[in-house]
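S.K.: Here's a structure for you.
Coordinate-derived values only; no laboratory data. Values in this document were obtained by computation on a predicted structure and should not be read as measured data. We place every Cβ from the backbone using ideal geometry, glycine too, and count neighbours over all the protein chains shown.
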């Protein structure tokens, strides 16, 4: 399976950049992580605190989702539901 997207085909969408502005990029020989800059209209490399456009990128792909422990994922989902009820000021009544 080849998930590489050629830079000449398309650049990352706004949603992809907002979701997680880190991408796996390649120059055809090496792969590395880059961020995308709207200001520079391309993938950028940072050196000593300054960004410069990486003109060597020929293809890119989004990073995979980070690993999540399946047991903790269920606990986090349950906690998220509790937080939604708490933040909405809703207290469920079970005595109906």
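S.K.: Using a Förster radius of 30 Å, what is the FRET efficiency between residue 55 and residue 15 based on their Cβ-Cβ separation? Nearest 0.05, please.
M.R.: 0.75
S.K.: Kindly provide the Kirkwood hydrodynamic radius of the range 5-87 in Å, to one decimal, from all pairs of distinct alpha carbon atoms.
M.R.: 15.0
S.K.: Quick check: the distance between the Cα centres of the range 1-34 and the range 43-77, to the nearest angstrom?
M.R.: Using only Cα atoms to place each centre, the spacing works out to 9 Å.
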